[in-house]
């Protein structure tokens, strides 16, 4: 009798869920996972990011005018990483001083764990010393052309090297002038036949220390078509937002960004690896939490539904007083709850919506 009651309750929950699904009014179905974080594919590490945007410069000499979009770029990157790609540790610095950046990089390296994915993003002024060929990030407290108040690329490399020794995958994205001086050229393309779980597992197991820059040794634009973003970050965000795949490698991402930026502005982004940091041709992999299906007949969309106990059931509506389903169906991605060990676990076919 106990088993019969459990099975009856389970059947009722399934019927209620499917009744709600049958009343969906949207053109397509958005599958939004409730899980707040991603983990390294096949490894279980965390995703962490330090995002820096410098717009308001304090230079009294006037060498460094304020930028229009660096802070908005940083905010948008932080938002998409935390809401769409499950980064559980995101620190955002706006208008950061030299000390602010160094302190944050040190803190990030101390939090890094062996299987973690670490992303550092910088938007702001950059500087190239023609005499020494040294490149720099320019913090907001920089004083004219006094390079001792800048952040030298060699210092940035040292910090990234330290992070790389403590984590599995490290990625630097630099949206500044002359940022190409940070990297060593190198490519690693994904072949169509390798677009499989086996390939992703292989590159996830290997260490990676990758860099994407807005340009090589050149000036880069600030505000692209009054979008509130630089052209590089505009197209970077576009690729991340429009990505419809569960796993996206940095090689795939950088390849698309380089092409779209170069096709639209007089600027060519570059991608490569950090020399001497122990890169083993692995890949930083972005894990997409939210997959939106627009303009698709709901009856043709199949969804694997994990049946949860009543108290944990998360199929719900943003309109509790209605029987209508919201435009975005929220399904918690958890392992199915374990039934009583003495009970026979019913087999539930995958529903067709």
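State yes or no: is residue 260 part of a helix (DSSP H, G or I), in contact with a helix residue (DSSP H, G or I) (Cβ under 6 Å, 6 or more places away or on another chain), farther than 21 Å from residue 153 by Cβ and at pLDDT 90 or above? The answer is yes for residue 260. Selection over region 96-147 of residues that are in a strand (DSSP E or B) and either crowded, with 23+ Cβ neighbours inside 10 Å or outside the structural domain of residue 232 (by TED's automatic domain parsing) (or both) gives a count of 11.
Considered as a group, the residues in region 36-95 that are touching a helix residue (DSSP H, G or I) at 6+ places or on another chain (Cβ under 8 Å) and in a helix (DSSP H, G or I) include one that is surrounded by the fewest Cβ atoms within 10 Å (Cβ to Cβ), and that residue is 80.
Does residue 179 fit the bill of being surrounded by 14 or more Cβ atoms within 10 Å (Cβ to Cβ) and either within 23 Å of residue 248 (Cβ to Cβ) or modelled with pLDDT of 90 or more (or both)? Criteria met by residue 179. Report yes if some residue within region 126-149 is out of contact with any strand residue (DSSP E or B) (no Cβ under 8 Å at 6 or more places or on another chain) and under 18 Å from residue 175 (Cβ atoms); otherwise report no. So far as region 126-149 goes, yes, one or more of its residues are out of contact with any strand residue (DSSP E or B) (no Cβ under 8 Å at 6 or more places or on another chain) and under 18 Å from residue 175 (Cβ atoms).
The values are calculated or read from the model by the stated rules, or taken from the named source; none is laboratory data. Source: prediction; values computed, not measured. Because the Cβ atoms are built from the backbone with ideal geometry, glycine has one as well, and the counts that use them run over all protein chains shown.
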